[in-house]
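Here's the structure we're looking at; comments come further down.
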Amino acid sequence: MTGVARVGIVGCGVISRNYATGAAGFDSFEIVACADVDGASAAKLGEEFGLEVLSVDELLASDVDVVLNLTPPFAHAEVILRALRAGKHVYTEKTLTTTLGEAYEVVAEADRLGLRLGSAPDTFLSGAFTTARTLIDDGAIGEPRLAVASFLGAGPDAWHPNADIFYRPGAGPLLDMGPYYLTAIAALCGPYVRVAGRADVLRADRSIGSGPREGERFEVHVPTHVGATVELASGALAQLTTSFELAEGYIAELAIHGTEGSLELPDPNTFGGPLRIRGPRGEWEDVPVAGRGDRDTRGIGLDDMLRSLAAGCGHRASGRLALHVMETASAIVRSSDEGRSVDLETTIDAVEPLAA
Ligand SMILES: NC(=O)c1ccc[n+]([C@@H]2O[C@H](COP(=O)([O-])OP(=O)(O)OC[C@H]3O[C@@H](n4cnc5c(N)ncnc54)[C@H](O)[C@@H]3O)[C@@H](O)[C@H]2O)c1
């Protein structure tokens, strides 16, 4: 592959608009085509953004270099494997796959075929998180000892017309939102080695609150409140809570506490937000963030994957990082089920910060 990569979107739903709009900020790729099992969704996206509208089979047989997989998690493994076997590099939305076995399989298949596999979340490549990483590397909070991460919400029951999809295997608060936090902490502080978790369903009686299916009750197949202590290879601990059990509202918190101070980070589900530091004097201060302008958006992980491919080096939002996060999340639930700590098999090399 030489020059600007030709990208084809598979899965033309809500998040495809973010990628199609954000693509203007990157010169390593151009989105040229789109496909969806629902032809009307593909036609609509194609018309909005001037993309060639194809069937999934046609897109995989076309001359696109990269498949951008924006299907729901339950379709990820199938789409990734088909795209790789069609000779395409793949960048996928989170969560990598719905099961750990599939996550191992897609990473191994990309390796076997010598193709790139990248995965969201890529918010840790934002200007704010890169500034945070630079502060940590410069010793601004001493040695990181504790990461505290909380995502608490009511679940999408009230607003999402198909809210039941968030309560199926591969989703729930841990796999839908947890990857933002687990990925950010691993990128800032390094890999995980062991987990102790507790996963519960506090409220199983749920129904769809809007749209044509309003009032329809659905079954809950995943834990709706998950707490975990995760040990890092460095010896630091991460305390993670993900929950769909609030009555209402949205709480997103991420902080790294070190031997000499603390950092309060933006919501890792976003590309901006305040960054604050508390040093030895005990006062919180806002930190100026070196933003990336219109590159602070979804797509920066794909851009980095393509630049790294051209440079012959590893990319940051990698399938291997997503696999490590998937194994960590799976081990949290296993730890809860088995009533014991679980050691992890996978690891990652330190994620080099993306230059400003
Ligand atoms: N919506 C968000 O705010 C958001 C934010 C971040 C990440 N994501 C992630 O983005 C992905 C997509 O989410 P979304 O909200 O856009 O979903 P969506 O339901 O709005 O769109 C998904 C599209 O994929 C299509 N699809 C399903 N199976 C397919 C298959 N096998 N082949 C081709 N197309 C298929 C559907 O017809 C649909 O048009 C998910 O992995 C999700 O976790 C979504």
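The values are calculated or read from the model by the stated rules, or taken from the named source; none is laboratory data. This one's a predicted model, so the numbers in the text were calculated from it and none came from an experiment. Quick reminder, even Gly has a Cβ in these numbers, built from the backbone with ideal geometry, and neighbours come from all protein chains shown. The area values use the complete protein model at the heavy-atom level, side chains included, leaving out ligands, DNA and RNA. Shrake-Rupley method; radii C 1.70, N 1.55, O 1.52, S 1.80 Å.
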Self-check item: Ellipticity estimate at 222 nm from DSSP helix runs (n ≥ 4, -39,500 (n - 2.57)) divided over the chain, nearest 500
Solution: -9500 deg cm²/dmol
Quiz item: Each residue of segment 118-123 in turn: what ³J(HN,Hα) in whole Hz from Karplus with 6.51, -1.76, 1.60 and θ = phi - 60°, glycine and Pro shown as x?
Solution: x, 8, 5, x, 10, 5
Exercise. Name the residues whose placed amide hydrogens come within less than 5 Å of the amide hydrogen of F29, ignoring near sequence neighbours (fewer than 5 apart) on the same chain.
Key: A5
Self-check item: Interchain or long-range residues, amide H under 5 Å from R145's placed H
Solution: H257, G258, T259
Practice problem: Once you have the Kirkwood Rh of segment 40-115 from its Cα pairs, apply Stokes-Einstein at 4 °C and 1.567 mPa s and quote D in µm²/s. | Solution: 99 µm²/s
Self-check item: Peptides 222-235, 115-128, 158-171 ordered by average Cβ neighbours within 10 Å, highest first
Solution: 115-128, 222-235, 158-171
Self-check item: Percent of Cα-Cα distances greater than 35 Å, calculated over the chain
Solution: 22 percent
Practice problem: Rounded to the nearest 0.05, what FRET efficiency do A310 and E214 give with R0 = 41 Å and r taken as the Cβ-Cβ distance? Could you check? | Solution: 0.25
Quiz item: Roughly what would the spin-label model give for E143 and T270, points 7 Å off Cα along C-beta, in nm?
Solution: 3.4 nm
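Could you put T97, T346, T270 in order of accessible surface area, largest first, with the 1.4 Å probe and the full protein assembly present? Intermediate values should be presented prior to the final figure.
Values: T97 0, T346 20, T270 50 Å².
The ordering from most to least exposed comes out as T270, T346, T97.
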Self-check item: Approximate spin-label separation E47-R112, in nm, with each point projected 7 Å along Cα-to-Cβ
Solution: 4.2 nm
Quiz item: Expressed in whole Å with the largest first, what are the equivalent ellipsoid semi-axes of segment 114-272 derived from the C-alpha gyration tensor as the square root of 5 times each eigenvalue?
Solution: 31, 16, 15
Exercise. Out of all DSSP beta bridges with both ends in the chain, state the antiparallel percent to the nearest 5.
Key: 60 percent
Practice problem: Find the relative contact order for the chain and round it to a whole percent, using C-alpha pairs within less than 8 Å whose residues are 6+ positions apart. | Solution: 20 percent
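Below 8 Å between Cα atoms, with a sequence gap of 6+, how large is the relative contact order for segment 41-101 in percent? Each step should come with its number before you reach the end.
Working: 58 pairs, mean separation 18.9, N = 61.
Reported relative contact order: 31 percent.
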Exercise. Convert each backbone phi in segment 81-93 into a coupling constant with the Karplus relation 6.51 cos²θ - 1.76 cosθ + 1.60 (shift: θ = phi - 60°), then list the ³J(HN,Hα) values in order as whole Hz, x for Gly and Pro.
Key: 5, 4, 5, 4, 5, 8, x, 9, 5, 10, 10, 10, 6
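Percent relative contact order of segment 110-211, based on C-alpha pairs within less than 8 angstrom and at least six residues apart? Display every interim value, and only then the final one.
Working: 58 pairs, mean separation 35.3, N = 102.
Relative CO of segment 110-211 lands at 35 percent.
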Quiz item: Tell me, what HN-Hα J-couplings in whole Hz come from the Karplus equation 6.51 cos²θ - 1.76 cosθ + 1.60 at θ = phi - 60° for each residue of segment 191-201, using x for Gly and Pro?
Solution: x, 9, 10, 7, 9, 10, x, 9, 10, 9, 10
Quiz item: Build a GNM of the chain with springs between Cα atoms under 10 Å: which of C12, C313, C34 gets the top mean-square fluctuation?
Solution: C313
Quiz item: Round to a whole number: what % of the accessible area of the chain belongs to carbon and sulfur, probe 1.4 Å?
Solution: 51 percent
Quiz prompt | Residue of L265, L146, L113 that the Gaussian network model of the chain assigns the largest fluctuation, springs spanning Cα pairs under 10 Å | solution = L113
Exercise. Could I have the simple spin-label model distance between L202 and H160, label points 7 Å from Cα toward Cβ, reported in nm to one decimal?
Key: 1.9 nm
Quiz item: Which of R316, R112, R85 moves most in a GNM of the chain, Cα contacts under 10 Å?
Solution: R112
